[in-house]
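What follows is a single structure, written as structure tokens, with notes after it.
The values are calculated or read from the model by the stated rules, or taken from the named source; none is laboratory data. As the structure is a computational prediction, the values presented were derived from the model and not from experiment. We place every Cβ from the backbone using ideal geometry, glycine too, and count neighbours over all the protein chains shown. Just so you know, the surface numbers come from the protein's heavy atoms only, side chains and all, with ligands and any DNA or RNA stripped out. Shrake-Rupley method; radii C 1.70, N 1.55, O 1.52, S 1.80 Å.
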Amino acid sequence: MDKQAKIYVAGHRGLVGAAIIKALQKAGYVNILTAGHEELDLINQEAVANFFDREKPEYVFLAAAKVGGILANSLYPADFIYQNLMIEANVIQQAYLKGVRKLLFLGSSCIYPKLAEQPIKEDALLTGILESTNEAYAIAKICGIKLCQAYNQQHKTKYISVMPTNLYGPNDNFDLESSHVLPALIRKLHEGKEHKAKQVTVWGTGNPVREFLYVDDLADACLYLMENYEQSKIVNIGTGIGITIHELAKKIRDVVGFEGNIIFDTTKPDGTPVKINDVAYLACLGWRASTDLDMGLRQTYQWYCENYPSSNKGR
Ligand code: GDP
């Protein structure tokens, strides 16, 4: 990519989009295009067509998506499937019509079968049934991958798809109803410390295993692949290292300095038992994660403290 190239980052206010912007700026890209939701509704086909006509981006990072944790996914499956399908279809079709040189689509490791062999290889896609708590979201993301591959096959485009594992970092969503586990536990344990609570509740049994990637590492990998990769084959992004939710909660308790107990609410779902990406393909392509979980947690907690100065504001 030329440093002057016009690069559209869809979803620039989200966890991933904000980190991609930061990585692009750091790498010296000067012509970055963004559009807030008030300016461009990506679900609206005509609005997206007009935006691409007017702005003529040369590269697209498709990081805009309706995302959420296990509870939000179980409660609002229609929102997750509809909004994600529309965003992907609109952006990818307009990218094709307006001659975008290359597009990177952000998928998710939840597209893989619930009981996929661990760590999960890219070729596990569509080999088994999905985890029910986020099936609607996963189906929409699988459609995004298939859109990219179909356009590549039929129209000779260069649309690449990456499958990040569970992400965390600055600009994450810390809302307890809709967030993922890591930001939720930062907030719960921080508030527990502030209120000198005797205990903090973690959902599920604490036994599920997840892998966590710091979002700046993800952004770095996306930029690396945008610059160096052009095949249709999907690419996992992660650390390859898993941790139980219980162990994660203990780590966060230490970072935050909460002195009470951690208890488990087993009426809440566990979701997929284990989810760890096999990152061998990405390593072959020349990229590895560099931020370890302890460091990433400290940085994320610092960001949380600076941006959520009082946890009593109900944000
Ligand atoms: P998943 O990776 O798609 O299952 O999404 P989540 O990040 O939402 O949940 C991961 C695991 O953490 C599940 O087993 C949840 O039950 C568990 N968990 C424990 N406490 C919490 C919490 O406060 N919020 C969320 N979202 N998950 C939690």
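Annotations
- Selection status of THR291, crowded, with 17+ Cβ neighbours inside 10 Å, among the β-branched types (Val, Ile, Thr) and over 21 Å from SER178 (Cα atoms): yes
- Where helices (runs of 4 or more DSSP H) fall entirely within segment 6-75, those with at least 1 residues that are of a type in the set (D, E, K, R) are at 15-26, 45-55.
- Exactly one residue out of GLY144, GLY192 is open to solvent by less than 30 Å² (accessible area, probe 1.4 Å) and away from the ligand (no atom under 16 Å from the Cβ), and it is GLY144.
- Boolean, GLU259 is more than 16 Å from the ligand (Cβ to nearest atom), assigned to a loop (DSSP other than H, G, I, E, B), open to solvent by 20 Å² or more (accessible area, probe 1.4 Å) and not assigned by TED's automatic domain parsing to the domain that holds LEU106: yes
- The helices (runs of 4 or more DSSP H) falling completely within segment 130-229 that include 1 or more residues that are of a type in the set (Ser, Thr, Tyr) map to 135-155, 215-228.
- Within segment 64-92, the set of residues being charged (D, E, K, R) and more than 14 Å from the chain's Cα centre (by Cα) comprises ASP79, GLU88.
- Considered as a group, the residues in segment 167-189 that are closer than 21 Å to PRO119 by Cβ and open to solvent by 40 Å² or more (accessible area, probe 1.4 Å) include one that is modelled with the lowest pLDDT, and that residue is HIS180.
- Once segment 262-288 is narrowed to residues that are more than 10 Å from the ligand (Cβ to nearest atom) and part of a loop (DSSP other than H, G, I, E, B), the residue that is surrounded by the most Cβ atoms within 10 Å (Cβ to Cβ) is VAL279.
- Among the residues of segment 111-163, those that are closer than 20 Å to PRO77 by Cβ and either among the charged types (D, E, K, R) or modelled with pLDDT under 95 (or both) comprise LYS114, GLU131, SER132, THR133, ASN134, GLU135, LYS141, LYS146.
- When segment 45-82 is filtered for residues that are more than 16 Å from the ligand (Cβ to nearest atom), of a type in the set (Gly, Ala, Ser) and closer than 20 Å to MET163 by Cβ, the ones remaining, listed by number, are ALA63, ALA64.
- If you filter segment 76-119 down to residues that are of a type in the set (A, V, I, L, M) and in a loop (DSSP other than H, G, I, E, B), you find that the one that is surrounded by the fewest Cβ atoms within 10 Å (Cβ to Cβ) is LEU115.
- Residue list for segment 195-230, filter: over 30 Å from ALA27 (Cβ atoms), surrounded by fewer than 16 Cβ atoms within 10 Å (Cβ to Cβ) and more than 9 Å from the ligand (Cβ to nearest atom): HIS195, LYS196, LYS198, GLN199
- In the set GLN149, GLN153, only one residue is in contact (Cβ under 8 Å) with a residue 40 or more places away in the chain, farther than 25 Å from LEU130 by Cα and of a type outside the set (Ser, Thr, Tyr); that residue is GLN153.
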